[in-house]
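Trainee: Sharing a structure with you now.
The values are calculated or read from the model by the stated rules, or taken from the named source; none is laboratory data. Quick caveat, the model's predicted, so the values are computed rather than measured. Cβ sites come from the backbone with ideal geometry, for glycine too, and all protein chains shown count toward neighbours.
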Amino acid sequence: MIDRLDLEGIARQHGVIGRRPELRLLGACLITGRNVLLEGPVGVGKTALARAVATALARGFVRVDGDGRYTEAKLVGHFDPPGVLERGYQPDLFIPGPLVEAMQRGAVLFVNELNRMPEGVQNVLLPALDEGIVHIPHLGEVRAERGFCVVATQNPAEFVATGHLSEALLDRFELVKLGYQDATEECEIVRQDARTAPSDSIIAQAVAVARATRTDRVRRGASVRAAIAIADLAMALDGDVAAAARIALPTRIELTDPDQVGFDTVLADLEKKTLAQSPAPT
Ligand SMILES: Nc1ncnc2c1ncn2[C@@H]1O[C@H](COP(=O)(O)OP(=O)(O)OP(=O)(O)O)[C@@H](O)[C@H]1O
Ligand SMILES: [Mg+2]
């Protein structure tokens, strides 16, 4: 018997807007104990979806954020050094890292930006992904409880300046891709997540500006997170969406060729295209 996920129930309980196909695929992977690579640009809901499905399946959720300096010892765990000096390598002195914690709890290990992790860290995951086993020096073999699996994320290849995942690692993941949602769904997300109860008009303009950054001139466009910030700021700035965008966007977009077109030009164009036709209410 295979569990079936109640997609509408999950969406309602966790405030997931749209994304039914992706929820379904992610659910199928987690139900069958498969590891998932979630690929999509910043802010498309990778964390939110993974957390919703894990929770719906009554699995714990252990989160790790990848970076180039992350170590194997951090991922797996380590022995308490003063304790070891005193009593030697006793099992009770082992402090589990997120991998061992997730294995012991039968939880979902969520690894953000796995591709940024050093190769050594990625390699520690291989036996855990295969057979749910890690070998820890002085402790021995740790076996995963039922339910353990890994959900990792990576940004799409064209945005990835840093490392790529090895073939060996990729061979152990299913791939679920997340693109940007349509404007209507993005407006709903802004309405749900904004702190200031913005008007329809401000929400629509904030979403329009964020979406307009997703062009060739911009290497990394703004996510719905930017739209949420713009809507909130515009509310605090008497409906001045342009001023809100000018402080919300510089940190969130990256120009393809900054020498050719400056940031101010791009911003001015965005404002002209998206805000001119719909003046902010006063
Ligand atoms: N489909 C959705 N329904 C409801 N909220 C959403 C949806 N997609 C994104 N959000 C909201 O947008 C914000 C960004 O989502 P989230 O943090 O899950 O993105 P992410 O892909 O994990 O981003 P990052 O790449 O920065 O880690 C959150 O506030 C989240 O609640
Ligand atoms: Mg995330």
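Trainee: Scan segment 5-22 residue by residue and report those that are assigned to a helix (DSSP H, G or I), away from ligand 2 (no atom under 16 Å from the Cβ) and either within 20 Å of Asn112 (Cα to Cα) or in contact with a helix residue (DSSP H, G or I) (Cβ under 9 Å, 6 or more places away or on another chain) (or both).
Mentor: Result: Leu7, Glu8, Gly9, Ile10, Ala11, Gln13, Arg20.
Trainee: What single numbered condition from (1) buried (at least 21 other Cβ atoms within 10 Å of the Cβ); (2) free of Cβ contacts under 8 Å to residues at least 40 places away in the same chain; (3) not hydrophobic (A, V, I, L, M, F, W, C) fails to hold for Asp193?
Mentor: (1)
Trainee: With Val108, Val151, Val142 as the choices, which residue is touching a helix residue (DSSP H, G or I) at 6+ places or on another chain (Cβ under 7 Å) and more than 15 Å from ligand 1 (Cβ to nearest atom)?
Mentor: Val142
Trainee: Which residue out of Gln90, Gln122 is polar (S, T, N, Q) and without any contact (Cβ under 8 Å) to a residue 24 or more places away in the chain?
Mentor: Gln90
Trainee: Consider Val84 carefully, then state whether it is out of contact with any Ser or Thr (no Cβ under 7 Å at 6 or more places or on another chain) and closer than 16 Å to Asn35 by Cβ.
Mentor: It is false that Val84 is out of contact with any Ser or Thr (no Cβ under 7 Å at 6 or more places or on another chain) and closer than 16 Å to Asn35 by Cβ.
Trainee: Checking the structure you have, find out if any residue of segment 105-118 is loosely packed, with under 15 Cβ neighbours inside 10 Å and more than 16 Å from ligand 2 (Cβ to nearest atom).
Mentor: Residues of segment 105-118 that are loosely packed, with under 15 Cβ neighbours inside 10 Å, as a first pass: none.
The answer is no, given that none of the residues of segment 105-118 is loosely packed, with under 15 Cβ neighbours inside 10 Å and more than 16 Å from ligand 2 (Cβ to nearest atom).
Trainee: Turning to a different aspect of this structure: For segment 84-119, which positions are small (Gly, Ala, Ser) and under 30 Å from Ala48 (Cβ atoms)?
Mentor: Gly97, Ala102, Gly106, Ala107
Trainee: Another question, then. Examine segment 38-57 for a residue that is more than 16 Å from ligand 2 (Cβ to nearest atom), surrounded by fewer than 20 Cβ atoms within 10 Å (Cβ to Cβ) and assigned by TED's automatic domain parsing to the domain that holds Gln122, and state whether such a residue exists.
Mentor: Yes, the conditions are met somewhere in segment 38-57.
Trainee: Here is a follow-up. Name the residue that is farthest from Asp6 (Cα to Cα), counting only residues in segment 58-69 that are surrounded by fewer than 20 Cβ atoms within 10 Å (Cβ to Cβ) and within 16 Å of ligand 1 (Cβ to nearest atom).
Mentor: The qualifying residue farthest from Asp6 (Cα to Cα) is Asp67.
Trainee: Would you confirm whether or not segment 140-148 contains a residue that is part of a helix (DSSP H, G or I), of a type outside the set (Gly, Ala, Ser) and modelled with pLDDT of 95 or more?
Mentor: Within segment 140-148 (the criterion being part of a helix (DSSP H, G or I), of a type outside the set (Gly, Ala, Ser) and modelled with pLDDT of 95 or more), the answer is no, since none of the residues qualifies.
Trainee: Let me ask another. Tell me, yes or no, whether segment 124-135 has at least one residue that is more than 16 Å from ligand 1 (Cβ to nearest atom), in a loop (DSSP other than H, G, I, E, B) and surrounded by 15 or more Cβ atoms within 10 Å (Cβ to Cβ). Steps first, please.
Mentor: Step one: of segment 124-135, the residues more than 16 Å from ligand 1 (Cβ to nearest atom) are 124-135.
Checking which are in a loop (DSSP other than H, G, I, E, B) leaves us with 132.
Next, from what is left, pick out any that are surrounded by 15 or more Cβ atoms within 10 Å (Cβ to Cβ): 132.
The answer is yes; a qualifying residue exists.
Trainee: Would you mind finding the one in Gly88, Gly140, Gly60 that is closer than 30 Å to Glu185 by Cα and more than 14 Å from ligand 2 (Cβ to nearest atom)?
Mentor: Gly60
Trainee: Of these, Leu57, Leu25, Leu37, Leu93, which one is among the aliphatic types (A, V, I, L, M), touching a helix residue (DSSP H, G or I) at 6+ places or on another chain (Cβ under 6 Å) and either more than 29 Å from Glu141 (Cα to Cα) or modelled with pLDDT of 95 or more (or both)? Walk me through it before giving the result.
Mentor: Details: Leu57 fails: either more than 29 Å from Glu141 (Cα to Cα) or modelled with pLDDT of 95 or more (or both); Leu25 fails: touching a helix residue (DSSP H, G or I) at 6+ places or on another chain (Cβ under 6 Å); Leu37 fails: touching a helix residue (DSSP H, G or I) at 6+ places or on another chain (Cβ under 6 Å).
Going through Leu57, Leu25, Leu37, Leu93 in turn, the sole match is Leu93.
Trainee: Provide a single number: the residues in segment 71-97 that are in contact with a Lys or Arg (Cβ under 8 Å, 6 or more places away or on another chain) and of a type outside the set (A, V, I, L, M, F, W, C).
Mentor: 1
Trainee: Do you know which residues across segment 8-28 are away from ligand 1 (no atom under 13 Å from the Cβ) and buried (at least 21 other Cβ atoms within 10 Å of the Cβ)?
Mentor: The one that is away from ligand 1 (no atom under 13 Å from the Cβ) and buried (at least 21 other Cβ atoms within 10 Å of the Cβ): Gly27.
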